[in-house]
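The structure under discussion appears below in the form of structure tokens.
Quick note: the coordinates plus some simple rules give every number you see, no bench work behind them. What you see is a predicted model, and the numbers here were worked out from it, not measured in a lab. No Cβ is skipped: glycine too gets one built from the backbone with ideal geometry, and neighbour counts run over all protein chains shown.
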């Protein structure tokens, strides 16, 4: 699957699982959303907002960083858990 951006649908989070929806999803209004990008090689980049609401990127899965467990992955929804 090609790399794709997924945005946090925090309204749908449950238990310790975070829900993400793909680019183009019709979200309700929110002041910024964090996201993830899953590259074809399996690396995950976090898309977030800085102190001034400026978008930023950081590699999420690397040595010493949290592990991302994909609990569910479909075309319209990804559910993840940080470990």
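Could you rank the peptides 22-28, 39-45 by their average count of other C-beta atoms within 10 Å per residue, with the highest value first? Numbers along the way, then the final one.
On the way: 22-28: 10.1, 39-45: 11.9.
Per-residue mean Cβ counts within 10 Å order the peptides as 39-45, 22-28.
In the range 16-36, which residues have a backbone nitrogen under 18 Å from the label point lying 7 Å from residue 67's Cα in the Cα-to-Cβ direction?
Residues 16-18 fall inside that zone.
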